[in-house]
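The values are calculated or read from the model by the stated rules, or taken from the named source; none is laboratory data. Only a predicted model underlies this, so the values are computations on that prediction, with no experimental measurement involved. Backbone-built Cβ (ideal geometry, glycine too); neighbour counts: all protein chains shown.
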Amino acid sequence: MKRIILLLLLVLTASCEILNDCPKLIMGKPDGHLVDDRELKKIKILFQASDLPYENYQFYGLQSNMSGQYLVSCHQFVNNLKLWTGDLFFHFDKDGKYESLTGEIVSAIDVGTSPSMDLSEVEARFLERVNDDRFYSNSKRVANGCMICELVYYDLAKMAGGSTPDYVLAWLVKPEKSDYPYAIVIDTDQSVVSYNNGIIF
């Protein structure tokens, strides 16, 4: 009986530790990449051969076609924060030489990196939006699960079709073990400017 009680206490303690670690903050460029070692080695060879820097990128894709051309996909980081919707796609010819770029390299953003919202506020705004979604409003998996809150830069002008960038601090929020639903919450006014539940009609 004592062993059973002790086991229950250990489980409850572990559960509390897990809950206390949620929501989880992601802030800054990860050390690793989202490609395997073989792909990363090839990507570095391609970039180094064309004298292309890659310190501010997180690679997540390497594709090649029948002609031997390569496409490298990566997230872009400025001031050590991810640039949301700022992904870059580098094209290399069959000889491994840099050919073209899809996307715009951003070298500087003068906004700062210190958020005003705390994680509980970010999570609350996300869950409020989820509750308005008829597909997820009754989802205990989302409501009771752990959230990932990543501090990013968001271009308000780009999303509105403008040509002059207007970067602000924002939060990318989603369940820890799922890509959807996710939301973008602006840090200054706590508004939800983007929401996607992953359902395509």
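In the list G103, G112, G145, G86, which residue meets the criterion of being in contact with a Leu (Cβ under 6 Å, 6 or more places away or on another chain) and small (G, A, S)? Among G103, G112, G145, G86, only G103 is in contact with a Leu (Cβ under 6 Å, 6 or more places away or on another chain) and small (G, A, S).
The number of residues in the stretch 178-188 being surrounded by fewer than 18 Cβ atoms within 10 Å (Cβ to Cβ) and either within 13 Å of the chain's Cα centre (by Cα) or within 11 Å of V122 (Cα to Cα) (or both) comes to 3. Of the strands (runs of 3 or more DSSP E) lying entirely inside the stretch 66-137, those containing at least 1 residues that are surrounded by fewer than 17 Cβ atoms within 10 Å (Cβ to Cβ) and touching a residue at least 24 places away in the same chain (Cβ under 8 Å) span 98-102. Residue by residue through the stretch 35-61, note down the ones that are touching a strand residue (DSSP E or B) at 6+ places or on another chain (Cβ under 6 Å), free of Cβ contacts under 8 Å to residues at least 40 places away in the same chain and not in a helix (DSSP H, G or I). Within the stretch 35-61, V35, N56, Y57, Q58, F59, Y60, G61 meet the criteria. D31 fulfils the conditions (1) farther than 19 Å from I184 by Cα; (2) modelled with pLDDT under 95; (3) surrounded by 13 or more Cβ atoms within 10 Å (Cβ to Cβ) except for a single criterion, (3). Of all residues assigned to the stretch 132-141, at least one qualifies as being in contact with a helix residue (DSSP H, G or I) (Cβ under 6 Å, 6 or more places away or on another chain) and at pLDDT below 95. Among the numbered conditions (1) at pLDDT 90 or above; (2) under 30 Å from N65 (Cα atoms), the only one that I200 does not meet is (1). In the set K140, K158, which member is outside the structural domain of F89 (by TED's automatic domain parsing), loosely packed, with under 15 Cβ neighbours inside 10 Å and either charged (D, E, K, R) or under 16 Å from the mean Cα position of the chain (by Cα) (or both)? Just a single option satisfies the conditions, and that option is K140. Among the residues of the stretch 21-58, those that are more than 15 Å from C74 (Cα to Cα) and either aliphatic (A, V, I, L, M) or in contact with a helix residue (DSSP H, G or I) (Cβ under 9 Å, 6 or more places away or on another chain) (or both) comprise C22, P23, K24, L25, I26, M27, I45, A49.
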